[in-house]
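Student: Before I ask anything, let me first share the structure, which is written out below as structure tokens.
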Amino acid sequence: MASFKVTGSRQMKGEIIPQGAKNEALQILCAVVLTKEPVTIHNIPNIRDVNQLIDLLGDMGVRCTRMAESSVKFDASEVNLDYLNSETYKRKAAALRGSVMLLGPTLARFKKGRIPSPGGDKIGRRRLDTHFYGFMKLGAKFNYSQEEGGIYEVDASHLKGAYMLLDEASVTGTANIVMAAVLAEGTTTIYNAACEPYLQQLCKMLNRMGAKITGVGSNLLTIEGVESLNGTEHTMLPDMIEIGSFIGMAAMTQSEITIKNCSIPDLGIIPLVFQKLGIKLEIRGDDIYVPSQEHYELETFIDGSMLTVSDHPWPGFTPDLLSIVLVTAIQAKGTVLIHQKMFESRLFFVDKLIEMGAQIILCDPHRATVVGLNRQQQLRGIRMTSPDIRAGVSLLIAAMSAKGTSIIENIEQIDRGYQNIDTRLNAIGAEIVRL
Ligand SMILES: CC(=O)N[C@H]1[C@@H](OP(=O)(O)OP(=O)(O)OC[C@H]2O[C@@H](n3ccc(=O)[nH]c3=O)[C@H](O)[C@@H]2O)O[C@H](CO)[C@@H](O)[C@@H]1O
Ligand SMILES: C=C(OP(=O)(O)O)C(=O)O
């Protein structure tokens, strides 16, 4: 288990370029299995989850040729389906959440899919019902065997388009169903589809490959099935969660940073939520400039009541930034209620922040109230463990703003989603040592 030793009270100054989006990459990489023709992907983040998925694709027989540092050409003309029955596949696929999206493409192209219970953050129940509901609507048979530690299987001699109303707007679920439906016979209509930029990007790429998807960006997708898909090129968007993390980090550490090439229109409500925390942001072309701010004051609602920040399916606020908002509020002036509606175990990390001196009341597993310190008191460095990817970065932000030194253990969680975060932040003035 690796750790970060973080020396606090360092202010950063300079430019930082966000990596390619983790959650988009996981969808896009799975989609390469849909075609026999080469697909070249650019702006691939060099992070654990993505590298593990590329490794898995390679094991399946997909030829992966690195064209440049962040560009890879994938050739899935030959795929070894027997590999899906191997112990290695079980072990490797179970190591990340994104592997679940191999189900839709293998089902569509090879009539079957198999996946162990996927990994990813342990942030509460993470059910997969929506995925299988969709596959079954398309005519697939579903089997779940608990004996082997949880194996999900789908098979279909023939997929046929159908109307479906999803019980929830699942991000990976929608991606999976879309990837199965593009090669199904006839028309599929998915209502209550998730519509995050990750999915918009996936649908745009599939359309470039010859798919016929309309309604992209909305919660009503219509897909006319086609016989086969051709190759394409695709460039990943900048990671909006990383961009949000940098904004929070700058505010907490009184740093002056410019986040380059943010693809602002794809950030949705994210900048607005940080502005509600009182953080000044300047949109300069496609960059976000965050000035060094001694004080930032939380807004209240129009009627004067206390600010609440909660998650919601897109275009609402992404749950992946709530931990960052929570930690950023620690040095604000005012009080905010953080309401994590989707996940039931994502706020428990606040006990570490409280130990560091933050004023937080964990009301229940879904809600925490942060009473901002308004820099009257600095957090103090402690030893802590990163429980999940976003809590991990939140703890890093807290440590960077604290007095003294902190140790953050289990940084593999952070490495799942943030590319060389220590090196990139050190380049603009942070002091983080990887132990
Ligand atoms: C690899 C990947 O892309 N992971 C992301 C993906 O996970 P993932 O696709 O696994 O998450 P889902 O969208 O399926 O749902 C996440 C959780 O929210 C609940 N839920 C979902 C939709 C809804 O309308 N109401 C609701 O309560 C679900 O029951 C589940 O507990 O989307 C999540 C929600 O944005 C993000 O946190 C994850 O980072
Ligand atoms: C929860 C997340 O990731 P995963 O779904 O891969 O666990 C995340 O990216 O915040």
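The values are calculated or read from the model by the stated rules, or taken from the named source; none is laboratory data. Not measured: the values here are computed from a predicted model. Here the Cβ is made from the backbone with ideal geometry for all residues, glycine too, and neighbour counts use every protein chain on show. Only protein heavy atoms, including side chains, enter the accessible area calculation; ligands, DNA and RNA are left aside. Shrake-Rupley method; radii C 1.70, N 1.55, O 1.52, S 1.80 Å.
Student: For a quick check of understanding: with a 1.4 angstrom probe and all protein chains in place, what accessible area in square angstrom does Lys341 have, to the nearest ten?
Tutor: 110 Å²
Student: Sort Glu78, Glu227, Glu242 from largest to smallest accessible area, using a 1.4 Å probe on the heavy atoms of the protein chains.
Tutor: From most accessible down to least: Glu227, Glu78, Glu242.
Student: So if I place +1 on the C-beta of Lys and Arg and -1 on the C-beta of Asp and Glu, and nothing else carries charge, what would the dipole magnitude of segment 22-235 be about its Cα centre? I want it in debye, nearest 20.
Tutor: Dipole size: approximately 120 debye.
Student: Another question, if that's okay. Identify all aspartates and glutamates with a Cα-Cα distance to Lys212 below 13 Å; exclude those on the same chain that are fewer than 8 residues away in sequence.
Tutor: Result set, ordered by chain and number: Glu185, Glu224, Glu227.
Student: Where does helix 240-253 land angle-wise versus the long Cα axis of the chain, in degrees 0 to 90, nearest 10?
Tutor: Tilt of helix 240-253: around 10 degrees.
Student: Sticking with this one: Which whole-Hz couplings ³J(HN,Hα) result when phi for each residue of segment 285-290 is put into the Karplus expression 6.51 cos²θ - 1.76 cosθ + 1.60, θ = phi - 60°, listed in order with x for Gly and Pro?
Tutor: x, 9, 9, 10, 9, 10
Student: Students sometimes get this wrong: rank Cys195, Cys363 by accessible area, probe 1.4 Å, all chains present, largest first.
Tutor: From most accessible down to least: Cys363, Cys195.
Student: Something else: By its C-alpha gyration tensor, with a ≥ b ≥ c as the square roots of the eigenvalues, how is the chain shaped: rounded for a/c under 1.5, else prolate for a/b larger than b/c, else oblate?
Tutor: Note, shape of the chain comes out prolate.
Student: Sticking with this one: Run through all the Cα pairs of segment 325-435 and give the fraction in each 5 Å bin from 0, expressed as whole percent.
Tutor: Answer for segment 325-435: a P(r) of 2, 12, 22, 24, 20, 13, 6, 1 percent.
Student: Here is the link list: Lys112/Lys204; Lys112/Lys160; Lys204/Lys341; Lys22/Lys137; Lys36/Lys73; Lys5/Lys92. Which ones come out longer than 18 Å on Cα distance?
Tutor: Cα-Cα > 18 Å for Lys112/Lys204; Lys204/Lys341; Lys22/Lys137; Lys5/Lys92; rest within.
Student: Now for a separate question. At a Förster distance of 56 Å, what's the computed FRET efficiency of Arg127 paired with Lys13, Cβ-Cβ distance as r, to 0.05?
Tutor: 0.80
Student: For segment 22-235, what is the accessible area per residue in Å², given a 1.4 Å probe and the full set of protein chains?
Tutor: In whole numbers, segment 22-235 has 39 Å² accessible per residue.
Student: Put Tyr89, Tyr289 in order of accessible area, largest first, 1.4 Å probe: what do you get?
Tutor: Order by accessible area, largest first: Tyr289, Tyr89.
Student: Picking from Trp314, Thr35, Ala21, whose Cα lies most toward the positive end of the charge dipole for the chain (charges on Cβ: Lys, Arg +1; Asp, Glu -1)?
Tutor: Value: Ala21.
Student: Given a Förster radius of 22 Å and the C-beta distance between Arg66 and Asn261 as r, what FRET efficiency does 1/(1 + (r/R0)^6) yield to the nearest 0.05?
Tutor: 0.50
Student: Would you work out the charge dipole size for the chain about its Cα centre, treating the Cβ of every Lys and Arg as +1 and the Cβ of every Asp and Glu as -1, and quote it to the nearest 20 debye?
Tutor: 380 debye
Student: In the chain, carbon and sulfur make up what percent of the accessible area (probe 1.4 Å)?
Tutor: Taking all protein chains in place, the chain shows 49 percent carbon and sulfur surface.
Student: What does the charge count around Val62 come to, taking other residues whose C-beta lies under 10 Å from its C-beta (Lys +1, Arg +1, Asp -1, Glu -1)?
Tutor: Summing Lys/Arg as +1 and Asp/Glu as -1 gives -2.
Student: Give the share of C-alpha pairs in each 5 angstrom bin for segment 260-346, from 0 to the last occupied bin, in whole percents, shortest bins first.
Tutor: So the P(r) values, bin by bin, are 3, 13, 23, 23, 20, 13, 4, 0.
Student: Counting Lys +1, Arg +1, Asp -1, Glu -1, what net charge surrounds Leu395 among other residues with beta carbon under 12 Å of its beta carbon?
Tutor: -1
Student: Then there is this: Students often get this wrong: which residues of segment 291-324 have the backbone nitrogen under 18 Å from the point 7 angstrom along Cα-to-C-beta of Glu344?
Tutor: 311, by backbone N distance to the label point.
Student: Still on this structure: Kindly identify segment 22-235 as rounded, prolate or oblate by the Cα gyration tensor criterion: order the square roots of the eigenvalues as a ≥ b ≥ c, call it rounded if a/c is under 1.5, otherwise compare a/b with b/c, prolate if a/b is larger, else oblate.
Tutor: rounded
Student: Here's something else I'd like to know. Using 0.36 nm per residue of separation minus the Cα-Cα distance, give me the extension gain between Arg434 and Glu147 in nm, one decimal.
Tutor: 99.4 nm
Student: I want to verify the translational diffusion coefficient of segment 284-325 in µm²/s; compute it with Stokes-Einstein, Rh as the Kirkwood radius over Cα pairs, at 10 °C and 1.306 mPa s.
Tutor: Answer, rounded: 121 µm²/s.
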